[in-house]
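Here's the structure, in structure tokens; my notes come after.
The values are calculated or read from the model by the stated rules, or taken from the named source; none is laboratory data. As the structure is a prediction and not an experimental result, all values here were calculated from the model. When we count neighbours, we look across all protein chains shown, and the Cβ atoms used for this are built from the backbone with ideal geometry, even at glycine. Please note that ligands, DNA and RNA were not included when accessible areas were found on the heavy atoms of the full protein model with its side chains. Shrake-Rupley method; radii C 1.70, N 1.55, O 1.52, S 1.80 Å.
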Amino acid sequence: MQTTTFYPKLSFQLENLSIQLIRVSNGKITDAIPPHKHGNHNFEIHYITSGSGWVQLEDNRIPIRAGDLFVTGPGILHSQFSNFADPMAEYCLNLVIRTDDENATILLDRFANFFESDLQLFKSSSLTLLDELQWTRPYHKESRICILKMILIDLFRRVQSANPKKATQKADTNLSERVLLIDQYFIACPAEASLSDLAEQLYLSTRQTQRIIRESFGVSFSEKLAEARCSKAEILLAESDLKIGEIAVLLGFSSLEHFSRSFKKMTGLAPSTYRKSFPADQT
């Protein structure tokens, strides 16, 4: 993914919602983003600015094109794929949103899995926010917050009009940023991935890192890594010409046998059986 990225670290209240803007990115998606879930309180707003592809939101596979917008939130399994002939580019906001209000919690539960097509009006506000992030001008912080509030108010109203559960722990900004980095680490799924490598990147001990993963995702590091590797393997088996042994090496498995055991445990199928379930012109 080739992107321009900002980390504005804005925090503000929107009535009974406590909101932090952690990251804003803008760029073209050239690699498939495998199935993954966000940690507690983490939301992503994806706005497609050009190109086409599809997104898998839980059990729904949705074709997307320029002008479409979708939101992913805590616990929502999702993946994203570009059309190779016309790769999509997207504008993405990473947010941490908390509330203790029951009605607001219901709204956020619906916001966590929201899709709307041909939302061209979002384009001008997203470009305005990007412009504000590139320059330090008088009242820049207030301006950025105002733009972001208008974006969120518009989206929340759309969620409510489309169809009229769980903010618990309080965490500081550093924890929110670390959960986001952990999320991105598993999406990238490097072949050399290890608990000590991730802990080093987070400037934490392995014990602290393991605890954050367990609290945010409900699984251990090794379980989360196995899930990420097998998700990426599903894509490679379905959409690439790589041999199964090459996929095992690429994803960091110690042997073909280790890969086959792990993949079958996660999916119920051997890698070769899984690949055969796809038409020959896709492999």
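A few remarks follow.
- Since only F70, P271, I182 are under comparison, the one whose Cα sits farthest along the positive direction of the charge dipole of the chain, derived from C-beta charges on Lys, Arg, Asp and Glu, is I182.
- Peptides 208-217, 182-191, 56-65 ordered by average Cβ neighbours within 10 Å, highest first: 208-217, 182-191, 56-65
- Relative protection proxy for 149-159, 91-101, from highest mean packing down: 91-101, 149-159 (other beta-carbon atoms within 10 angstrom).
- Carbon and sulfur %, accessible surface of the range 1-136 computed with the full protein complex present, 1.4 Å: 47 percent
- Percent of Cα pairs exceeding the 36 Å cut-off, where the set is the chain: 17 percent
- Förster radius 25 Å - calculated FRET efficiency between R211 and F84, Cβ distance, rounded to 0.05: 0.05
- Our estimate of slack between Q56 and R110, defined as 0.36 nm per intervening residue step minus the Cα-Cα distance, is 17.8 nm.
- Positive end of the dipole of the chain (Cβ unit charges, origin at the Cα centre): among A191, T128, L148, the Cα lying farthest that way belongs to A191.
- 3J(HN,Hα) along the range 111-122, derived from phi through the Karplus expression 6.51 cos²θ - 1.76 cosθ + 1.60 where θ = phi - 60°, amounts to 4, 5, 9, 10, 9, 9, 8, 6, 8, 5, 5, 6 Hz, with x in place of Gly and Pro.
- Shown in residue order for the range 129-140 are the 3J(HN,Hα) couplings computed by the Karplus curve 6.51 cos²θ - 1.76 cosθ + 1.60 at θ = phi - 60°: 5, 4, 4, 5, 6, 7, 10, 9, 10, x, 6, 4 Hz (x for Gly and Pro).
- T267-S222 pseudo-label distance in nm [points 7 Å out on the Cα-to-Cβ vector]: 2.3 nm
- Scoring 33-45, 262-274 by mean Cβ neighbours within 10 Å over their residues and listing the highest first yields 33-45, 262-274.
- Basic side chains Lys and Arg get +1 at the Cβ, acidic Asp and Glu get -1 at the Cβ, and with that the dipole of the chain about its Cα centre reaches some 420 debye.
- Share of pairwise Cα-Cα distances greater than 23 Å in the range 72-171 is 40 percent (whole percent).
- For the range 175-232, the carbon plus sulfur part of the accessible surface works out to 50%, probe radius 1.4 Å.
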